[in-house]
Amino acid sequence: MALIYAIVPRKRGTGTCYVGCTARALAQRAREHVAASRRFPRRAVYRFVARQGGWGRVRFTVLETMPGASRRAMLDRESFYIARMGTLNS
């Protein structure tokens, strides 16, 4: 199942988030982000997590589920959310 998700601060009010998409389970994608943050700490999303105080201070939120969606459809919806929300995505 395809998911569109956001990484958002647990504390409200920053107005910033990261939007992503995955065809894997959200818990697996979260683990991949944690591992990638060690390899690529300068990426905007991982600097954002560090500024929040680490992975315990952010949460993964499902924005939309897309059963049976194609990769193209998933990326289109991800782009939709990036355009509508204040995101770190470039």
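Among all positions in segment 80-87, there is no residue which is modelled with pLDDT of 95 or more, within 18 Å of L26 (Cβ to Cβ) and not basic (K, R).
On the stretch given as segment 34-63, residues that are within 19 Å of Y81 (Cα to Cα) and not basic (K, R) total 8.
The values are calculated or read from the model by the stated rules, or taken from the named source; none is laboratory data. All figures in this text were calculated on a predicted structure; none of them were measured in a lab. Glycine also receives a Cβ, built like all others from the backbone with ideal geometry; neighbour counts cover every protein chain displayed.
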